[in-house]
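Working notes, structure below.
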Amino acid sequence: MIRIAAVGDIHVGEDTHGRLRPHWLTLDQHADVLLLAGDLTNVGSRKEADALIEEVRDLPVPVVAVLGNHDYHCDNPLGVRHALEAIGVIVLEGETVTLELAGCTVGIAGSKGFGGGFAGACGHKFGEPEMKDFIRVTEEASHRLEANLRSLQTDYRVALLHYAPVKDTLAGERLEIHAFLGAYQLGEALDSAGCDLALHGHAHHGTEKGMTPGGIPVRNVAMPLIKRPYAVYTLGGAKAGGSGAGRHQRETLTT
Amino acid sequence: MNQEYQYLVGKLQEALACDARVGALDIKITIAHGRVHLTGQVPTEERRANVGLVAHELMPQLDVRNDITVLELSESGKPEAVGD
């Protein structure tokens with residue numbers, strides 16, 4: 001059995017010093033890995049990135065992250081990414097990583113994803129170039145997610161996103177903004193490639209539990225929603241357990 | 001809501017999203033009878049105060065009622081076995 005701790009939308013700023021770290025320092029008692037589902041900073045500034053790495057530094061389990069839209073606001077997402085990578089956090093954007101945890105291999109395909117909406121109320125590559133570009137970004141992220149999941153030859157496969165792949169986990173959000181919270185193409189990629197669990201954030205007022213049309217469990221781990229420093233999900237209850245120590249092999253697909 | 005107030009809601013939403021002191025996209029704003037009413041949740045007391053400050057700076061002619069709350073975290077809770 002592997003234990004996955006996950007949270008998104010922690011929105012670390014200069015004013016949140018030490019808010020999460022005390023909870024995370026004992027993570028190895030509860031989980032084998034921590035997955036961060038984007039919006040790790042509030043506006044993606046250098047000072048916020050510095051505050052973030054003080055929260056995440058030297059945790060007792062491996063940490064894998066994707067960025068969210070807030071991490072892009074200061075137009076320097078690479079600054080946030082590099083700050084995290086400098087302290088050993090694995091940051092994924094259209095990439096995968098394979099971890100060995102508790103005697104099992106776990107493949108994680110990570111992507112921020114993007115919006116566009118869901119069946120019956122979604123955008124299309126139609127009309128103005130700006131609209132076509134919007135949907136094209138979502139389609140490209142989804143195609144890469146599918147290819148990355150297919151590439152994983154591991155005991156378990158997990159998709160780590162910021163935007164929602166299904167509208168189940170948006171229940172509670174205003175319908176008018178669903179198109180800015182996620183896209184059906186991401187869910188289609190999950191169902192096409194298959195995986196054991198999909199995690200996302202972004203929808204603060206949504207619902208924790210959902211499922212793709214093909215039956216893949218989806219969990220919205222936005223911290224304002226779960227109101228906890230992390231949620232824990234276990235996979236493979238029938239398989240042997242183990243320690244929280246892990247090592248990883250990083251892969252990047254260029255599809 | 002009168003016409004002027006509708007535009008003010010839009011302008012304040014934009015300010016609360018883009019102002020680095022707040023950076024919040026999900027603050028609920030109601031303007032009526034010369035008063036701005038703010039509700040929602042933010043991570044810290046400082047950010048809660050900044051929401052009110054930004055609203056006051058943008059529309060000093062209106063009273064601001066700041067009913068934003070600060071998110072309190074509970075313990076991590078029981079694990080969920082997924083897919084069993």
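The values are calculated or read from the model by the stated rules, or taken from the named source; none is laboratory data. Please read all numbers here as calculations on a predicted model, not as lab measurements. Glycine gets a Cβ as well: all are built from the backbone with ideal geometry, and neighbour counts include every protein chain shown. Areas reflect the complete protein model, heavy atoms only, side chains present, ligands, DNA and RNA absent. Shrake-Rupley method; radii C 1.70, N 1.55, O 1.52, S 1.80 Å.
If I model a spin label at B:HIS37 and A:ALA179 as a point 7 Å from the Cα along the Cα→Cβ vector, what separation in nanometres do I get?
3.0
What does the accessible area per residue of chain A come to in Å², with a 1.4 Å probe and no ligands, DNA or RNA counted?
Values: 9880 Å² over 255 residues.
On a per-residue basis, 39 Å².
Equivalent ellipsoid semi-axes for chain B, as square roots of 5 times the alpha carbon gyration tensor eigenvalues: give them largest first, rounded to whole Å.
On the way: eigenvalues 195, 40, 27 Å².
With the √(5λ) rule applied to chain B, the semi-axes are 31, 14, 12 Å.
Can you give the mean number of other chain Cβ atoms that lie within 10 Å of the Cβ atoms in peptide B:67-78? Spell out each step's value before the answer.
On the way: counts 0, 0, 0, 0, 6, 1, 10, 4, 4, 15, 8, 3.
For peptide B:67-78, the averaged partner shielding equals 4.
Holding the Cα-Cα limit at 29 Å, pick out from A:LYS112/A:LYS132; A:LYS132/A:LYS227; A:LYS209/B:LYS28; A:LYS132/B:LYS11; A:LYS112/A:LYS227 the pairs that are longer than that. Write down the numbers at each step before the final one.
Working: A:LYS112/A:LYS132 19 Å; A:LYS132/A:LYS227 37 Å; A:LYS209/B:LYS28 24 Å; A:LYS132/B:LYS11 27 Å; A:LYS112/A:LYS227 22 Å.
The answer is A:LYS132/A:LYS227.
Using modelled backbone amide H atoms (1.01 Å from N, in-plane), which distant-in-sequence or interchain residues come within less than 5 Å of A:GLU95's amide H?
Sorted by chain and number, the residues that satisfy this are A:GLY110.
Could you work out, residue by residue across A:226-235, how many beta carbons of other chains sit within 10 Å of that residue's beta carbon, and then give the average as an integer?
Working: counts 4, 6, 5, 5, 3, 5, 6, 5, 6, 4.
Partner-chain Cβ atoms within 10 Å, mean over residues of A:226-235: 5.
Can you compute the charge dipole magnitude of the range B:3-70 about its Cα centre, using +1 on each Lys and Arg Cβ and -1 on each Asp and Glu Cβ, nothing else charged? Give it in debye, rounded to the nearest 20. Before the final figure, lay out each step's value.
On the way: 7 positive and 9 negative charges, 18 e Å.
Dipole size: approximately 80 debye.
When ligands, DNA and RNA are left out and all protein chains stay put, how many square angstrom of accessible area per residue does chain B have with a 1.4 Å probe?
Numbers: 4850 Å² over 84 residues.
Per-residue accessible area for chain B comes out at 58 Å².
By how many degrees, 0 to 90 and rounded to 10, does the Cα axis of helix B:45-58 deviate from the longest principal axis of chain B?
Rounded to the nearest ten degrees, it is 20.
Using a Förster radius of 41 Å, what is the FRET efficiency between A:HIS82 and B:ASN2 based on their Cβ-Cβ separation? Nearest 0.05, please. The partial results should precede the final answer.
On the way: r = 49 Å, r/R0 = 1.19.
Result of the calculation: an efficiency of 0.25.
Whose amide H sits under 5 Å from the amide H of B:ILE31, counting only residues 5 or more places off or on another chain, with H placed in the peptide plane?
B:HIS37
Highest mean first, how do A:171-181, A:97-107 rank when packing is the count of other Cβ atoms within 10 Å averaged over residues?
Working: A:171-181: 15.4, A:97-107: 20.7.
Highest mean packing first, the order is A:97-107, A:171-181.
Based on the alpha-carbon set only, what is the convex hull volume of the protein assembly as shown divided per residue, in Å³? Present the calculation step by step, with values, prior to reporting the outcome.
Values: hull volume 44.6 nm³, N = 339.
Residue-normalised Cα hull volume stands at 131 Å³.
Where Lys and Arg each count +1 and Asp and Glu each count -1, what net charge lies around A:SER142 among other residues with Cβ under 12 Å from its Cβ? Walk me through the intermediate numbers first.
Numbers: positive: A:LYS112, A:ARG136, A:ARG144; negative: A:GLU139, A:GLU140, A:GLU146, A:GLU188, A:ASP191.
Around A:SER142, the surrounding residues sum to -2.
Could you list which residues have their amide H under 5 Å from that of B:ALA81, counting only those 5 or more apart in sequence or on another chain, with H placed in the peptide plane?
A:THR234
Kindly express, to the nearest 10 degrees and within the range 0 to 90, the angle between helix B:3-18's C-alpha long axis and the longest C-alpha principal axis of chain B.
Taking Cα atoms only, the helix is inclined about 50 degrees.
Through the Karplus equation 6.51 cos²θ - 1.76 cosθ + 1.60, θ set to phi - 60°, convert the phi angles of the range A:90-100 into ³J(HN,Hα) values in whole Hz; use x for Gly and Pro.
Running phi through 6.51 cos²θ - 1.76 cosθ + 1.60 with θ = phi - 60° gives 8, 10, 10, 9, x, 9, 10, 9, 10, 10, 9 Hz.
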